[in-house]
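I have placed the structure first, in the form of structure tokens, so that the comments after it can refer back to it.
Values in this text are rule-based calculations from the coordinates and carry no lab data. Keep in mind that this is a model prediction, so the values were computed, not measured. In this analysis, Cβ positions are derived from the backbone assuming ideal geometry, glycine residues included, and neighbour counts consider all displayed protein chains.
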Amino acid sequence: MATTTKIRTTPNAMPGLIGFGILVIIGIAAWVIQLTQGLSVLGIGQTIAWGLYIVTFLFLAGLAGGLVILTSLADLQIIPNLRQYRRSFLIGALAAYVASGFMILMDIGRPFRVLNMILSANLSSPFVWDFALLAVSVIVTATYLYAAPKGKLLPVLAGVVAAAVISVEGWILSMSAGTPLWHGGVTPATFLIEGFISASAILLITQSEGAAVQWLRRALLVIVPALILLNLFEIASISYAGVPDAQAAIGLMLANPLYWFVLLLGFVLPVVLLAGWGKQRQAVVSAGALLLLAVFASKYMLLVSGQAFDFMQLPHTYTPTLVEISGVVGIFGLAGFLYLLGLRLVHPKAAS
């Protein structure tokens, strides 16, 4: 006999589900347009083949991995009083993982192509490794959510798998042929740091008090400046000793006002806010929001600048189309919808 699951909603949750559902519908409409008219409705091309879709995928996968890593650190009692958020973190991680998977389906144009990766996988391809790690991470995270750890094995395993997903994605960029800007070797490390920053920023936005928030605030005061210095050192080394096309890409990136906006307002200003006004909720929330936007924008600039010059040294531009933007809006709506739905379906005792 078939049974139905009743979704327990509250007056506070229903508007969110409806709002995110509307965003999902917008994304579905964009996907239908893309499937019927082809990839020509997107702003990507032969030179800049990875655009806003891949940026969103990298951001969501990094955010999901960061949330799992934070949960692992909480269960290992490295971050104090953070374990109370493990259910929300892991549900959020699963929502972000699933949404990032759908983002990839939209990016490859024909979703059924993913079957080729499953049925005739090239085991030497890093893309296959990334796909497999993403699938394994979803399984491990779901298991981690329902199987409350009594030891250290599951938290360590979940954290390692999450870190591997983020690192492999950065590694794929660093191995990509024809894009010297990504070959510095620091991309996997910066992606891992950005995943931690984005996950921490989520907690700063939703919670402004408590020992866990203060621990993460102090950690960000060290990690964010370290990320800034790491990127500046990378830019300096490429500018003075890099190959000409990488130097040209760096010059193009530095000439973009968005770069300075992200550096000064997205990374430097949050450090100032957290250092000087870390006890004020408005400052903490603002810092978290700015960090999230900065991580997303930094991935955008890295991807676009790295593809901006072809082998003839001719610069190419990229502008996301309305279809692309609508698709990304739908994916973020899907992540939010799945998160709220997970909060309603996963009983607190099942994830404690």
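Tabulated data for the structure shown
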{"quantity": "Label-to-label distance, nm, for residues given as GLN84 and ALA142 (7 Å Cα→Cβ offset)", "calculated": "3.0 nm"}
{"quantity": "Span from the segment 254-277 Cα centroid across to the segment 45-64 one, whole angstrom", "calculated": "22 Å"}
{"quantity": "Estimated inter-spin distance, LEU35 and ARG281, nm [label 7 Å along Cα→Cβ]", "calculated": "4.4 nm"}
{"quantity": "Sequence ranges 339-347, 56-64, 68-76, 35-43, ranked by mean other-Cβ count within 10 angstrom, highest first", "calculated": "56-64, 68-76, 339-347, 35-43"}
